[in-house]
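The values are calculated or read from the model by the stated rules, or taken from the named source; none is laboratory data. The structure displayed is predicted, hence computed values, not measured ones. Please note: Cβ atoms are built from the backbone with ideal geometry, for glycine as well, and neighbour counts cover all protein chains shown.
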Amino acid sequence: MDQNKDVVKFAREIRIQTLKALGGLGFGHIGGAMSAADVLAVLYGKAMNIDPQNPEWEGRDYFVMSKGHAGPALYSALALLGYFPLEELKTINTNKTRLPSHCDRNSTPGIDMSTGALGQGISTAIGIAHGNKILKKENYTYLLLGDGECDEGQVWEGALYAPQHKLDHLIAFIDFNKQQLDGYTKDILDLGDLRQKFADFGWYALEVDGHDADAVYGAIEKVKGQTGKPGMIVLDTQKGKGCHFAEGVLYNHHMTFTKKQCEEAIALLEKEGE
Amino acid sequence: MNHAVVKEHKIESIAMRDAFAETMADLVKENPRIMYLEADLMNSVGMVGFSEEFPDNTVNCGIQEANMVGVAAGMSAVGLIPYTHTFGCFATRRALDQIFLSGAFAKTNIRMLGSDPGVTAAYNGATHMPFEDVGLLRGIPGITIIEPVDSVMLRDMIRQTAEMHGIFYIRLSRKNAVKVFADGSVFEIGRAVKIKEGTDITLIASGIGVDEAMKAAEDLEKKNISTAVLNIFTLKPIDKDAIKEAAEKTGAIVTVENHNIHNGLGSAVAEVLAECAPVPMYRIGIEDEFGEVGSVDYLKERFGLTPANIVKQAEAVLKRKLR
């Protein structure tokens with residue numbers, strides 16, 4: 001239980017650090033970073049077998065942030081774990097930074113794959129998982145997709161491929177926050193029942209509250225408990241979750257915000273943690 | 001680089017695809033980390049036997065070129081050495097963003113074979129006839145683009161790239177090529193190959209254009225025009241020194257390529273000439289048209305990839321040189 005409490009605290013810290021980091025420039029991909037903070041906390045705080053002192057360790061579990069624009073939330077998790085100094089977070093998106101808006105494995109310690117053009121992370125994560133299977137390794141590969149990202153055809157190419165090759169050490173998530181850049185997913189391209197769709201494609205598919213750390217971790221354990229199928233955990237989330245000026249706002253994919261808004265959001269999160 | 005040129009204009013006894021399959025089998029025996037990824041054209045490229053002999057090194061991805069490139073990128077990130085194959089039109093047009101990001105930008109390690117370059121797509125017609133594949137890839141930083149001339153060079157390229165790290169695109173003609181290089185010849189990626197010396201004009205050719213250029217050179221010599229022939233098989237990075245040297249030595253250039261003259265060999269050569277050694281030149285190739293169905297011989301005539309057209313354009317360039 002204590003560890004789960006720590007995960008909740010870790011998620012809050014990820015949100016705070018992300019706000020502090022993006023606050024420097026006063027703009028960024030707030031919505032999808034906030035909705036993904038809890039799953040990142042569960043993965044990097046509890047589920048993944050990693051060594052922050054040795055990011056290239058071959059025995060590590062891999063993570064592919066296919067919704068690459070949520071990079072700042074991932075950088076916050078990595079910095080909090082010591083992959084690089086926490087102070088470096090404030091360089092996000094500034095000239096010559098190692099922390100670009102979208103993830104780049106050649107720039108940032110701890111980033112396993114470069115992403116940013118939506119749809120591509122499912123294929124590279126599959127390649128890592130399939131490669132490790134061919135090499136008879138037991139590492140897990142985790143993948144985070146956006147819900148809007150599922151508009152891309154490449155996602156469904158990967159959806160066919162992974163069950164065909166029985167990639168049961170691939171555990172994927174969809175951050176189902178119901179919003180994309182231009183509005184609600186149901187108004188732009190209705191995704192329907194994503195869990196059912198992936199189940200129909202042959203995945204072991206679950207849907208949980210994506211802001212409930214216990215539920216997310218429990219789903220990961222369930223996927224690990226079965227063999228022969230890749231896992232898909234659809235996370236029921238809210239875009240902008242935990243950031244008062246972004247939560248419930250229509251156009252919160254990429255936002256500009258004032259220093260005051262940022263300070264208030266951080267203060268509210270800190271108060272929640274007391 | 002250690003090569004010898006065979007000037008007999010004879011068709012090789014082995015098909016390019018069979019040379020590819022044999023080389024891949026040899027490589028896998030030496031290094032089990034070699035992987036062959038296919039997009040449902042295994043039978044077309046002669047790799048069914050390979051897949052049966054080496055099932056653990058083969059993945060038929062199905063008809064999904066974009067996913068295949070991403071999977072190859074991911075596999076290379078854990079130390080495997082992937083080769084992918086599909087027709088050149090699909091290898092590039094359908095997977096360009098994946099080649100750019102999951103491949104080149106991510107600095108992963110993939111060898112992509114695109115078969116049936118240009119007119120060799122023959123009876124599959126315009127939809128399958130890549131006149132633009134090189135041009136699409138040429139703007140991607142760090143990528144290496146190779147067009148083997150015959151099976152000797154193909155084997156060497158398949159073998160050499162296994163030891164290298166990067167994103168490689170290899171234009172693969174599947175059928176029997178005209179033999180240009182003696183068995184055992186080895187080449188240096190990034191360095192042009194001197195086929196024939198000459199002092200009046202240089203024909204710079206790639207792929208199936210090399211044999212046509214060699215025949216044209218023989219015809220030009222009969223007209224007392226001393227003609228050099230240079231094969232540029234590495235379309236990127238281009239061998240600037242060899243182009244500059246050819247321009248300075250002969251003062252006139254004709255390029256021959258089985259590709260759109262926009263953004264292929266001719267464009268790359270013209271860029272170097274304009275900056276380093278401006279001399280009269282002419283680009284033979286597809287003049288911004290789509291392909292069509294037909295035999296390779298018909299299509300060569302149709303698009304000017306013939307010794308007669310090369311001679312005609314060389315003489316026209318020489319007139320500009322003398323002016």
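Of all residues in segment A:149-193, how many are within 14 Å of chain B (Cβ to nearest Cβ), more than 17 Å from A:SER66 (Cβ to Cβ) and surrounded by fewer than 18 Cβ atoms within 10 Å (Cβ to Cβ)?
Number satisfying all stated conditions: 3.
Sort out which residues of segment B:89-113 are more than 13 Å from every other protein chain (Cβ to nearest Cβ) and in contact with a Ser or Thr (Cβ under 6 Å, 6 or more places away or on another chain), and write them in order of number.
B:ARG111, B:MET112 - these are the residues of segment B:89-113 that are more than 13 Å from every other protein chain (Cβ to nearest Cβ) and in contact with a Ser or Thr (Cβ under 6 Å, 6 or more places away or on another chain).
Restricted to segment A:124-146, and to residues that are under 26 Å from B:ILE63 (Cβ atoms) and surrounded by fewer than 24 Cβ atoms within 10 Å (Cβ to Cβ), which residue is nearest to the other protein chains (Cβ to nearest Cβ)?
Within segment A:124-146, the first condition is being under 26 Å from B:ILE63 (Cβ atoms), and the residues that meet it are A:124-134, A:141, A:143, A:145-146.
With the extra rule that they be surrounded by fewer than 24 Cβ atoms within 10 Å (Cβ to Cβ), the set shrinks to A:133-134.
Numbers: A:LYS133: 10, A:ILE134: 7 Å.
Once the filter is applied, the top-ranked residue is A:ILE134.
So which of A:GLY158, A:GLY131 ends up being under 19 Å from the mean Cα position of the chain (by Cα), assigned to a helix (DSSP H, G or I), closer than 16 Å to B:VAL71 by Cα and not β-branched (Val, Ile, Thr)?
Numbers: A:GLY131 fails: under 19 Å from the mean Cα position of the chain (by Cα).
It is A:GLY158.
Tally the residues that are within 18 Å of B:LEU136 (Cβ to Cβ) and in contact (Cβ under 8 Å) with a residue 60 or more places away in the chain, restricting the search to segment B:286-295.
The number of residues fulfilling the criteria is 4.
Consider B:THR108 against the criteria (1) in the same structural domain as B:GLU147 (by TED's automatic domain parsing); (2) surrounded by fewer than 24 Cβ atoms within 10 Å (Cβ to Cβ); (3) touching a strand residue (DSSP E or B) at 6+ places or on another chain (Cβ under 8 Å); (4) in a loop (DSSP other than H, G, I, E, B): it satisfies all of them except one. Which criterion is unmet?
Tallying (1) in the same structural domain as B:GLU147 (by TED's automatic domain parsing); (2) surrounded by fewer than 24 Cβ atoms within 10 Å (Cβ to Cβ); (3) touching a strand residue (DSSP E or B) at 6+ places or on another chain (Cβ under 8 Å); (4) in a loop (DSSP other than H, G, I, E, B), B:THR108 fails exactly one: (2).
Working carefully through the options B:GLU38, B:GLU65, find the one that is closer than 19 Å to A:GLY127 by Cα and more than 10 Å from chain A (Cβ to nearest Cβ).
B:GLU38
Taking the condition of being within 14 Å of chain B (Cβ to nearest Cβ) and polar (S, T, N, Q), how many residues in segment A:54-100 meet it?
Residues flagged as within 14 Å of chain B (Cβ to nearest Cβ) and polar (S, T, N, Q) within segment A:54-100 amount to 1.
Residues in segment A:66-77: is at least one within 23 Å of A:LEU25 (Cα to Cα) and part of a loop (DSSP other than H, G, I, E, B)?
Checked segment A:66-77: at least one residue is within 23 Å of A:LEU25 (Cα to Cα) and part of a loop (DSSP other than H, G, I, E, B).
For (1) in contact with a Gly (Cβ under 8 Å, 6 or more places away or on another chain); (2) surrounded by fewer than 20 Cβ atoms within 10 Å (Cβ to Cβ), each residue gets a yes or a no:
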| site | (1), (2) |
| --- | --- |
| B:LYS222 | no, yes |
| B:THR227 | yes, no |
| B:THR234 | yes, no |
| B:ALA246 | no, no |
| B:THR250 | yes, no |
| B:ILE253 | no, no |
| B:GLU257 | yes, no |
| B:LEU265 | yes, no |
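To keep it simple, each residue is scored yes or no on (1) modelled with pLDDT under 95; (2) over 24 Å from B:ALA252 (Cβ atoms); (3) within 13 Å of the chain's Cα centre (by Cα); (4) not in a loop (DSSP other than H, G, I, E, B).
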position	(1), (2), (3), (4)
B:MET153	no, yes, yes, yes
B:ARG159	no, yes, no, yes
B:ILE170	no, yes, yes, yes
B:ILE189	no, yes, yes, no
B:LYS194	no, no, no, yes
B:LEU203	no, no, no, yes
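Being under 20 Å from the mean Cα position of the chain (by Cα) and in a loop (DSSP other than H, G, I, E, B) is the filter here, so list the residues in segment B:215-250 that pass it.
B:ILE232, B:PHE233, B:PRO237, B:ILE238, B:ASP239
Which residue out of A:GLY121, A:GLY116 is assigned to a loop (DSSP other than H, G, I, E, B) and within 14 Å of chain B (Cβ to nearest Cβ)? Full working, then the answer.
Details: A:GLY121 fails: assigned to a loop (DSSP other than H, G, I, E, B).
Sole residue among the options that is assigned to a loop (DSSP other than H, G, I, E, B) and within 14 Å of chain B (Cβ to nearest Cβ): A:GLY116.
Applying the selection to segment B:143-165, what residues are closer than 16 Å to B:PRO237 by Cα and surrounded by 17 or more Cβ atoms within 10 Å (Cβ to Cβ)?
Hits for segment B:143-165 are B:ILE143, B:THR144, B:ILE145, B:ILE146, B:GLU147, B:PRO148, B:MET157, B:THR161.
Evaluate segment A:248-255: report whether one residue or more is in contact with a helix residue (DSSP H, G or I) (Cβ under 9 Å, 6 or more places away or on another chain), crowded, with 17+ Cβ neighbours inside 10 Å and more than 30 Å from A:TYR161 (Cα to Cα).
yes
Which residue, of B:SER185, B:SER206, is in contact with a helix residue (DSSP H, G or I) (Cβ under 9 Å, 6 or more places away or on another chain), hydroxyl-bearing (Ser, Thr, Tyr) and closer than 20 Å to B:VAL134 by Cβ?
Residue meeting the stated conditions: B:SER206.
With the requirement that a residue be touching a helix residue (DSSP H, G or I) at 6+ places or on another chain (Cβ under 7 Å), outside any helix (DSSP H, G or I) and surrounded by fewer than 17 Cβ atoms within 10 Å (Cβ to Cβ), what does segment A:203-228 give you?
Restricting attention to segment A:203-228, the residues satisfying the condition of being touching a helix residue (DSSP H, G or I) at 6+ places or on another chain (Cβ under 7 Å) are A:203-211, A:213-214, A:216-217, A:220.
Within this subset, residues satisfying the condition of being outside any helix (DSSP H, G or I) are A:203-211.
Answer for segment A:203-228, where residues must be touching a helix residue (DSSP H, G or I) at 6+ places or on another chain (Cβ under 7 Å), outside any helix (DSSP H, G or I) and surrounded by fewer than 17 Cβ atoms within 10 Å (Cβ to Cβ): just A:ASP209.
Which ones in segment B:130-151 are in contact with a Leu (Cβ under 8 Å, 6 or more places away or on another chain), in a loop (DSSP other than H, G, I, E, B) and over 17 Å from B:ASN231 (Cβ atoms)?
Matches in segment B:130-151: B:ILE143 only.
Quick check on B:LYS319: is it part of a helix (DSSP H, G or I), closer than 21 Å to B:ASP211 by Cβ and of a type outside the set (Gly, Ala, Ser)?
no
Test each condition in (1) away from chain A (no Cβ under 14 Å); (2) more than 27 Å from A:GLY121 (Cα to Cα); (3) surrounded by fewer than 21 Cβ atoms within 10 Å (Cβ to Cβ) for B:VAL45 and report the one that comes out false.
With (1) away from chain A (no Cβ under 14 Å); (2) more than 27 Å from A:GLY121 (Cα to Cα); (3) surrounded by fewer than 21 Cβ atoms within 10 Å (Cβ to Cβ) applied to B:VAL45, the lone miss is (3).
When the residues of segment B:267-284 are narrowed to those that are touching a helix residue (DSSP H, G or I) at 6+ places or on another chain (Cβ under 7 Å) and without any contact (Cβ under 8 Å) to a residue 40 or more places away in the chain, which ends up surrounded by the most Cβ atoms within 10 Å (Cβ to Cβ)?
B:MET281
Inside segment A:40-65, can you point out the residues that are outside any loop (DSSP other than H, G, I, E, B) and in contact with a helix residue (DSSP H, G or I) (Cβ under 7 Å, 6 or more places away or on another chain)?
Going residue by residue through segment A:40-65, those that are outside any loop (DSSP other than H, G, I, E, B) are A:40-47, A:62-65.
Within segment A:40-65, A:LEU40, A:ALA41, A:VAL42, A:TYR44, A:GLY45, A:LYS46, A:ALA47, A:TYR62, A:PHE63, A:VAL64, A:MET65 qualify.
Does segment A:74-90 contain any residue that is at pLDDT 95 or above and either touching a strand residue (DSSP E or B) at 6+ places or on another chain (Cβ under 9 Å) or at positive phi (or both)?
Kept after step one, since they are at pLDDT 95 or above, are these residues of segment A:74-90: A:74-90.
Next, from what is left, pick out any that are either touching a strand residue (DSSP E or B) at 6+ places or on another chain (Cβ under 9 Å) or at positive phi (or both): A:74, A:82.
Within segment A:74-90, one or more residues are at pLDDT 95 or above and either touching a strand residue (DSSP E or B) at 6+ places or on another chain (Cβ under 9 Å) or at positive phi (or both).
Yes or no, residue by residue, for (1) in contact (Cβ under 8 Å) with a residue 40 or more places away in the chain; (2) hydrophobic (A, V, I, L, M, F, W, C); (3) under 19 Å from A:ALA213 (Cα atoms):
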{"position": "A:ILE14", "(1), (2), (3)": "yes, yes, yes"}
{"position": "A:VAL39", "(1), (2), (3)": "yes, yes, yes"}
{"position": "A:PRO52", "(1), (2), (3)": "yes, no, no"}
{"position": "A:SER66", "(1), (2), (3)": "yes, no, no"}
{"position": "A:LEU74", "(1), (2), (3)": "no, yes, yes"}
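In segment A:134-155, which residues are assigned to a helix (DSSP H, G or I) and either over 16 Å from A:LEU235 (Cβ atoms) or out of contact with any Gly (no Cβ under 9 Å at 6 or more places or on another chain) (or both)?
Within segment A:134-155, A:ILE134, A:ASP151, A:GLY153, A:GLN154 qualify.
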